[in-house]
1. Once R0 is set to 22 Å, what does the formula 1/(1 + (r/R0)^6) return for the Cβ-Cβ distance between VAL37 and ARG152, expressed as a FRET efficiency to the nearest 0.05?
2. Given a Förster distance of 30 Å, report the FRET efficiency between THR52 and GLN141 from their Cβ-Cβ distance, rounded to the nearest 0.05.
3. Less than 11 Å Cβ to Cβ from ILE111, Lys/Arg counted +1 and Asp/Glu -1: what total charge do the surrounding residues give?
4. Counting residues in region 102-161 as N, plug N into 2.2 N^0.38 Å and put the Cα Rg over that result.
5. All other residues with a Cβ under 12 Å from the Cβ of ALA163 taken together, and with Lys, Arg as +1 and Asp, Glu as -1, what is their net charge?
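Please treat every number below as a calculation from the coordinates, not as lab data. Just so it is clear, the model here is predicted, and its values are computed rather than measured. For neighbour counting, all protein chains shown are included, and Cβ atoms are generated from backbone atoms with ideal geometry for every residue, glycine included.
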Amino acid sequence: MASGAPDIVRAAVRLPGLLILLALAVAALGGCAGGKVREANAYVSAVNRAQTAFSVRSDRLASEIGPDTAGQPRLVARRLDRYYATVDAFVTRLRAIRAPRRVQALHVRLIAAIERFGASLRSAGAGLTSGDASRILDGQQQLVTASATVSRAINRTIAAINASLRS
């Protein structure tokens, strides 16, 4: 594996802290009162806590797949297994969050985006642990593509959630 290639992997497996954008919805609701506001605030807080925990773990795990692991497919596989478990735990936490009725469908869409990322991560992982230079490069490209795709999906979904919570 080329010495710069693992840095591509490291950058690709980090999901941006896009879910924090939900906090904007809370600020917009701050002047209002009532059960809907409390429900929205509780939802935003729960999603942000889940995302923060995921982000911390995934950044740490992503940093462990780097130049020092080149040529060590078993080590990469163990680290990827921990990463898969982290994505799965994030999905589980998101599923456990009770979304306000007006954003339930969007919450399901958010979960689906993370699930697709998990599936893409697993697919890329097969190449990354293959020991074959060509398949490793393909796995890296899959990872970059998956990360960009999930980022776009999350951005769209969060924007829609924010709009729904403000209305």
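1. 0.15
2. With a Förster radius of 30 Å, E is 0.55.
3. +3
4. 1.34
5. Net of charged neighbours comes to +3.
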